[in-house]
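Here is the structure we will look at, set down as structure tokens.
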Amino acid sequence: MFQALLKFARTNTWLAVIFCIIPVLIYFLVFKVIALNINYVAFDDILILGIIPGFEDADWPNRWKRLTELFPEHRLVFSRSIILLLHSLFGKINMVWPMIVANICWTACAFIFYKAFRYLRISLWYFVPIMWLWFSIQSFENIFWGVSSLCNFGVLLFVLSSLYFATHHPKKHYIAILFAVLATFTYGNGLMVFPVIGLIAWLMGRKKDFVITVLVTGIIAVIYFIDFTPITQNLDFSNPQQVKEGFLGYFGFIGSIATISAYDAANSVLMTAVAAGFILIAALIYLFRKHWILLWNAAWGKTPFTNPGALFSLGIAAFVAITTLALVYKRIPTDTFEGMFKGRYRMYSALWCIALYFGLLSLTSRPSLRFSIVAIVPFVIFLNLIILHSNFALAVNNRRMAIVQEFNARYNADWLGVKMFSMDQARFEKIRAYYNSEDPLAEGWNPRLATDSIPCPKIYEPDTVKKDGSYIVVNFEKDFFPAEKNYSDGAYVILKSAGHTYASAQTQYPVPLKTTIRRFMYFNKGAYVNFHSATVEPGFYRIYLLVRKNGKNTIYCTNKTWKEE
């Protein structure tokens, strides 16, 4: 029966097409229900939208200066240009629009993979794992973070395009260089693709292209670093702790897909990622075991190495390896080992897996491939779905966090979240006017009332009100707060004094996978809410529960108060 099933699959390409489309549909369905016209967590979007005021009135030298202004050590020309283009076309900004552009870039990366895959002339079934790896939601921060989406997804599109032309169209190496320039001015690590395409040209015996790449790299580097001012510390090699964290962080970054959840910071989980990183790197080295001597000869100019699929694999891996090295060097002193596992970094681990897979397709015999694909396809499908189950709730939580972040910025002139980004409330409101986000939590009442009293028809007492470390914790543990209209629905806690009105959203967790399968349910019951005490000014507060259901707010008294010292 199993053999008959395999034969049926091999002879029906349309089934492979369906399996390629399914992860894309899941991905964009998640996008549809989570994406929101709002400044995402942190105020990076607000800072980049600051390009709009005064840009049209500036002369061209000042326009270039504003486009290339460091943020914080990146020159985000692509992101700023897209924002300006959208504003020019529509006269306003909707923060979902840059997300759409960014996710089109992500989808275009899959098209680049397919273009490279076609050269292998093998069954479409071998492309199925690439689609399920690429269209997972583990990097959901990038999917929904307008400007960050443009940076991170845009740079990968330009990098992959550069590598594709360098390996599969060597006579058009100038196009590879052009995409490398675009990558550089999309995000800082885009500059790292220059040495990679230069090395590819050298290995392929194209010395002229190598020299041109070196010269262009020098010119672009001068332009990029002409007024460069580093704002972060570098890894201190005399500090054993930093060296240790850098070493482990390097492998953990590459193997971070193994954490499954984008935010699981348990030490055992992070060390699993470190082990996975060792395995992924060792697997690539082993895969090329019969070709290292050929690459060595090519490096010394003896015999060109012209396997485009293998070079594409190595090019992607080299770019990820250099990016990881740069990140470890720049981030370990401030972010430490745990900082290598930010949700938006997960795409590089998936990219390494795809590089490894392209190496497998390019260097493995057809009989071995036919044997391995039977295990690989179900494994990557399972991996994608496990990642979906673990991260969808986190994406929903982040949407609600973005809502309360804007709420707190609007109704508390001295809110720490705004001050941390060197803004005041007036500046925030000026930029917010360009995208005019909704303010769902303020519907039906006035958060600016100079009183700690809010009219509420019913009482809903919390199960927990306490201080836990740096957090004020208010939990409602016994009930479900389902989303009906959209994922802005849910439970929110309000801290109200005469001078301040703070909101915080519920944190929801998924039920175990077996419960999801058995009972067809996903979210666990309970609303777990916390405020970081540093963001709450000293004073006496009354605690309220705001339940948004089917797009309408109901505020409940809790008969609880909090005094922040």
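The values are calculated or read from the model by the stated rules, or taken from the named source; none is laboratory data. From a predicted model like this one, the values you see are computed outputs, not experimental measurements. With ideal geometry, Cβ positions are generated from the backbone for all residues, glycine too; neighbour counts draw on all protein chains shown.
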Review point. Is it fair to say F382 is surrounded by 20 or more Cβ atoms within 10 Å (Cβ to Cβ) and more than 18 Å from V41 (Cα to Cα)?
Key: no
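For every residue, the table says whether it meets (1) within 21 Å of F111 (Cβ to Cβ); (2) surrounded by fewer than 23 Cβ atoms within 10 Å (Cβ to Cβ); (3) of a type outside the set (K, R).
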{"position": "L157", "(1), (2), (3)": "yes, no, yes"}
{"position": "H168", "(1), (2), (3)": "yes, yes, yes"}
{"position": "H173", "(1), (2), (3)": "yes, no, yes"}
{"position": "A180", "(1), (2), (3)": "yes, no, yes"}
{"position": "F194", "(1), (2), (3)": "no, no, yes"}
{"position": "G198", "(1), (2), (3)": "no, no, yes"}
Selection from the stretch 87-132 of residues without any contact (Cβ under 8 Å) to a residue 60 or more places away in the chain, assigned to a helix (DSSP H, G or I) and over 19 Å from V155 (Cα atoms) yields S88, L89, F90, R118
Of all strands (runs of 3 or more DSSP E) fully inside the stretch 448-550, the set with 2 or more residues that are among the hydroxyl-bearing types (S, T, Y) and under 33 Å from the mean Cα position of the chain (by Cα) is 501-505
When Q241 is run through (1) within 27 Å of A350 (Cβ to Cβ); (2) polar (S, T, N, Q); (3) assigned to a helix (DSSP H, G or I), the failure sits at (1)
Per the filter on the stretch 436-465, residues closer than 30 Å to N37 by Cβ and charged (D, E, K, R) are E438, D439, E443, R448
Expected output for the stretch 60-73 (first residue farther than 17 Å from Y224 by Cβ, partner modelled with pLDDT under 90, Cβ below 8 Å, 6+ apart or cross-chain) is R63/F55
A careful count of residues in the stretch 280-314 that are small (G, A, S) and either within 27 Å of K244 (Cα to Cα) or not assigned by TED's automatic domain parsing to the domain that holds W134 (or both) gives 2
Item to check | Condition check for I459: farther than 25 Å from F144 by Cβ and surrounded by 13 or more Cβ atoms within 10 Å (Cβ to Cβ) | outcome: no
Matching residues in the stretch 405-441 (of a type in the set (A, V, I, L, M), in a helix (DSSP H, G or I) and in contact with a helix residue (DSSP H, G or I) (Cβ under 7 Å, 6 or more places away or on another chain)) number 5
Residue pairs within 9 Å by beta carbon, gap of at least six or interchain, first lying in the stretch 201-220 and in the same structural domain as L294 (by TED's automatic domain parsing) and closer than 21 Å to W300 by Cβ, second part of a helix (DSSP H, G or I) and charged (D, E, K, R), listed first then second, are A201/K207; A201/K208; A201/D209; W202/D209; R206/K171
Taking the stretch 436-491 and keeping residues hydroxyl-bearing (S, T, Y) and either over 21 Å from R399 (Cβ atoms) or without any contact (Cβ under 8 Å) to a residue 12 or more places away in the chain (or both) leaves T451, S453, Y460, T464, S470
Filter the stretch 213-238 for residues that are under 26 Å from the mean Cα position of the chain (by Cα) and assigned to a loop (DSSP other than H, G, I, E, B); the one that is nearest to A201 (Cα to Cα) is F228
How many residues of the stretch 313-354 are among the charged types (D, E, K, R) and under 15 Å from I257 (Cβ atoms)? The answer is 3
Log entry, pairs with first residue in the stretch 291-309 being free of Cβ contacts under 8 Å to residues at least 40 places away in the same chain and part of a helix (DSSP H, G or I), second being loosely packed, with under 15 Cβ neighbours inside 10 Å and of a type in the set (V, I, T), beta carbons closer than 9 Å, six or more apart or on different chains, reads W292/I285; L294/T303; N297/T303
Restricting the stretch 551-565 to residues that are within 24 Å of K485 (Cβ to Cβ) and hydroxyl-bearing (S, T, Y), the one nearest to the chain's Cα centre (by Cα) turns out to be T554
